[in-house]
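Enquirer: What follows is a single structure, and I will ask about it in a moment.
Here, each number is a calculation from the coordinates, and none is a lab measurement. Remember, predicted model here, so these are calculated numbers, not experimental data. Note that each Cβ is placed from the backbone with ideal geometry, even for glycine, and that neighbours are counted across all protein chains shown.
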């Protein structure tokens with residue numbers, strides 16, 4: 001291990017140790033049961049939105065439980081404070097919404113209940129299309145977004161249209177979004193002569209937050225009216241805003257709320273029977289081929305804001321297939337990640353500026369074996385993918401602003417069976433056993449407008465197996481990054497410094513030097529030196545970026 005690598009890893013250990021230190025929390029109706037005229041005394045409006053973010057006080061569920069039916073006719077809804085006074089961002093920015101909306105929030109022992117009443121002067125014109133979950137459509141929509149960390153950087157957003165089609169989005173870094181995030185929550189809708197309504201039940205187990213006797217969270221309420229191309233917010237937004245989550249209003253009055261035990265176990269078993277025509281002379285062919293396997297996924301909430309994910313022999317058979325793509329270049333194609341285990345909290349592990357920096361590409365874990373077995377004039381029985389034996393991931397954020405992510409995965413040694421034209425069955429290795437590791441830590445300052453972070457990755461393989469396939473025996477990277485917003489949050493500067501080292505046999509490193517992404521052996525590159533006797537390569541990368549991220553230019 002080089003001195004630079006040791007320094008980076010030591011810094012990472014210090015960051016993780018600091019993150020675990022104690023810290024204090026820092027926070028900045030009609031047929032559906034609600035008449036068209038709501039009591040003014042219960043309303044929380046946006047009259048002072050120009051000078052301060054609006055606030056809504058949640059009511060405690062002390063009486064009978066709420067029946068989730070989309071009708072909002074329980075007495076608890078009538079007594080809760082009302083959020084209203086939505087403001088357009090389009091088509092007429094800053095104007096009052098053309099249709100009235102009322103939202104009430106009630107908190108119980110295990111879930112947050114949100115009643116969203118969308119009044120409409122022309123209920124027959126309400127748009128709703130029936131689609132698959134998370135699919136956008138020409139529909140009216142209502143959304144509830146909760147900044148449970150109160151960090152003005154991350155939020156969990158839940159939406160529904162009049163036909164009950166659900167959408168959930170994880171928002172991070174204030175402006176970015178992950179629509180592939182899926183939570184376990186419930187919602188029901190109803191339509192009547194006054195408009196339509198949505199009744200949400202969001203379990204605390206789906207929100208990450210630190211335990212506190214009295215809590216305040218960020219809250220944003222959104223309504224889209226399709227026929228008018230209108231979007232309005234409870235906490236007003238502008239096209240000149242440089243952020244999204246940082247513009248949220250406040251949800252107050254939460255007392256004694258705990259995330260509770262978060263334990264999800266999903267065992268699976270899978271069997272397959274294949275009856276296809278084949279070559280009768282092929283010793284690996286079976287007219288009735290059977291196959292069976294099993295595994296388990298586990299999700300456990302260690303604390304209110306840290307989650308441990310683990311999987312044993314994961315089943316990715318239900319994941320959507322990658323789209324067909326023709327690549328006639330010498331460079332590999334990077335397909336997006338679709339596997340649920342790796343999608344969970346994937347944003348925590350991001351590093352660098354933009355998407356061009358492939359410091360960690362999770363699709364390499366469990367990919368197709370790197371070598372194709374030589375049939376030697378006979379027949380081959382080879383695996384299609386590399387088996388992921390076990391994988392674990394710890395992720396979360398502390399109340400003091402530390403974001404931590406740790407990931408480990410172990411893949412099996414894969415072999416193919418070759419039956420030459422004449423001779424016995426030969427076993428040939430096509431992929432070495434591999435250990436993958438990733439650690440990421442980041443500290444927010446100034447309510448998330450500034451941050452510094454460190455990262456370290458590692459890939460380890462047995463030297464003898466790696467040499468046999470001309471693969472790296474180990475690959476290590478480490479670095480740090482930063483970001484800072486200033487000038488009223490309209491300007492941003494960010495950057496990173498990253499070092500890397502790969503090691504392996506002479507053949508493996510020579511192959512790396514000759515790869516199309518390097519071509520270190522080309523005669524026109526006097527600044528490069530091709531050395532076929534090397535057993536390691538080191539590299540350094542640095543980047544800085546200055547940009548204007550807010551202001552009138554973005555309209």
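Enquirer: State whether segment 163-245 is rounded, prolate or oblate according to the following rule on the C-alpha gyration tensor (a ≥ b ≥ c being the square roots of its eigenvalues): a/c under 1.5 gives rounded; otherwise a/b larger than b/c gives prolate, and the remaining case gives oblate.
Expert: Cα axes put segment 163-245 in the oblate bin.
Enquirer: While we're here: Mind listing the Cα extents of segment 200-281 along all three principal axes, in Å, largest one first?
Expert: Result, largest extent first: 72, 42, 25 Å.
Enquirer: For q values of 0.15 Å⁻¹, compute log₁₀ I(q)/I(0) with the Debye formula on a Cα-only model of segment 199-346, without solvent.
Expert: With one equal scatterer per Cα and no solvent, log10 I(q)/I(0) is -1.12.
Enquirer: Can you tell me the FRET efficiency between residue 263 and residue 292 if r is taken as the Cβ-Cβ distance and R0 is 22 Å, rounded to the nearest 0.05? Walk me through the numbers on the way to the answer.
Expert: Values: r = 27 Å, r/R0 = 1.23.
The calculated FRET efficiency here is 0.20.
Enquirer: If each residue of separation counts as 0.36 nm, what is the full-extension length gain between residue 384 and residue 527 once their alpha-carbon separation is subtracted?
Expert: 47.4 nm
Enquirer: Something else now. Looking at the P(r) of segment 74-126, how many percent of alpha-carbon pairs lie beyond 14 Å?
Expert: So the pairs more than 14 Å apart make up 63 percent of the total in segment 74-126.
Enquirer: Roughly how far apart, in whole Å, are the Cα centres of segment 403-478 and segment 256-297?
Expert: Rounded to whole Å, the Cα centres lie 24 Å apart.
Enquirer: Report relative contact order for segment 38-255 in percent, whole number only (criteria: Cα-Cα under 8 Å, sequence separation at least 6).
Expert: Working: 540 pairs, mean separation 56.4, N = 218.
Value for segment 38-255: 26 percent.
Enquirer: With just the Cα atoms of the chain, tell me how far they stretch along each of the three principal axes, in Å, largest first.
Expert: Extents along the principal axes: 87, 59, 43 Å.
Enquirer: Continuing with this model, one more query. Using r as the Cβ-Cβ distance of residue 300 and residue 69, and R0 as 22 Å, what FRET efficiency do you calculate, to the nearest 0.05?
Expert: 0.10
Enquirer: Separate question: What is the Cα coordinate range of segment 95-172 on the first, second and third principal axes, sorted by size from largest, in whole angstrom?
Expert: 39, 30, 27
Enquirer: Calculate, in whole percent, how much of the Cα-Cα pair population of segment 490-543 lies beyond 18 Å.
Expert: Taking all Cα-Cα pairs of segment 490-543, the fraction more than 18 Å apart is 44 percent.
Enquirer: Dividing the alpha-carbon Rg of segment 38-255 by 2.2 N^0.38 Å yields what?
Expert: Working: Rg = 15.9 Å, N = 218, 2.2 N^0.38 = 17.0 Å.
Normalised Cα radius of gyration, segment 38-255: 0.94.
Enquirer: Right, next: Which FRET efficiency value, to the nearest 0.05, is calculated for residue 255 and residue 229 with the Förster distance at 30 angstrom and r the Cβ-Cβ distance?
Expert: 0.15
Enquirer: Something else: Which residues in segment 432-474 have a backbone N closer than 16 Å to a point placed 7 Å from the Cα of residue 334 along the Cα-to-Cβ line?
Expert: 457
Enquirer: Report relative contact order for segment 336-443 in percent, whole number only (criteria: Cα-Cα under 8 Å, sequence separation at least 6).
Expert: Values: 201 pairs, mean separation 28.0, N = 108.
It comes to 26 percent, rounded to a whole number.
Enquirer: When you count, for each residue, the other Cβ atoms within 10 Å and take the mean per peptide, how do 247-255, 279-287, 144-152 rank with the highest first?
Expert: Working: 247-255: 20.2, 279-287: 11.1, 144-152: 24.1.
Order by mean packing, descending: 144-152, 247-255, 279-287.
Enquirer: Still on this structure, please answer the following. Only Cα pairs under 8 Å and at least 6 apart count here; give the relative contact order of segment 61-164 as a rounded whole percent.
Expert: About 16 percent, as a whole number.
Enquirer: Antiparallel DSSP bridges in segment 38-255: what percent, to the nearest 5? Before the final figure, lay out the partial values.
Expert: Values: 58 of 65 bridges.
Around 90 percent of the beta bridges assigned by DSSP in segment 38-255 are antiparallel ones.
Enquirer: Highest first, please rank the peptides 101-108, 473-480, 268-275 by the mean number of other Cβ atoms sitting within 10 Å of their residues.
Expert: 101-108, 473-480, 268-275
Enquirer: Return the percentage of antiparallel bridges among DSSP beta bridges fully within the chain, rounded to the nearest 5 %.
Expert: Beta bridges within the chain, antiparallel portion: roughly 95 percent.
Enquirer: Can I ask one more? Over the Cα atoms, compute the radius of gyration (one decimal) and Dmax (the largest Cα-Cα distance, rounded to a whole number) for segment 434-555, in Å.
Expert: When restricted to the Cα atoms of segment 434-555, Rg and Dmax are 19.8, 60 Å.
Enquirer: Expressed in nm to one decimal, what extension gain is obtained for the pair residue 544 and residue 376 from 0.36 nm per residue of sequence separation less their Cα-Cα distance?
Expert: The span from residue 544 to residue 376 would gain 55.2 nm if fully extended.
Enquirer: Continuing with the same structure: Give the Kirkwood hydrodynamic radius (Å, one decimal) of segment 341-499, defined as one over the mean of 1/r across all pairs of different Cα atoms.
Expert: 18.3
Enquirer: How many nm is it between the label spots at residue 515 and residue 93, if each spot is 7 Å from the Cα in line with the beta carbon?
Expert: So the two model labels end up 4.4 nm from each other.
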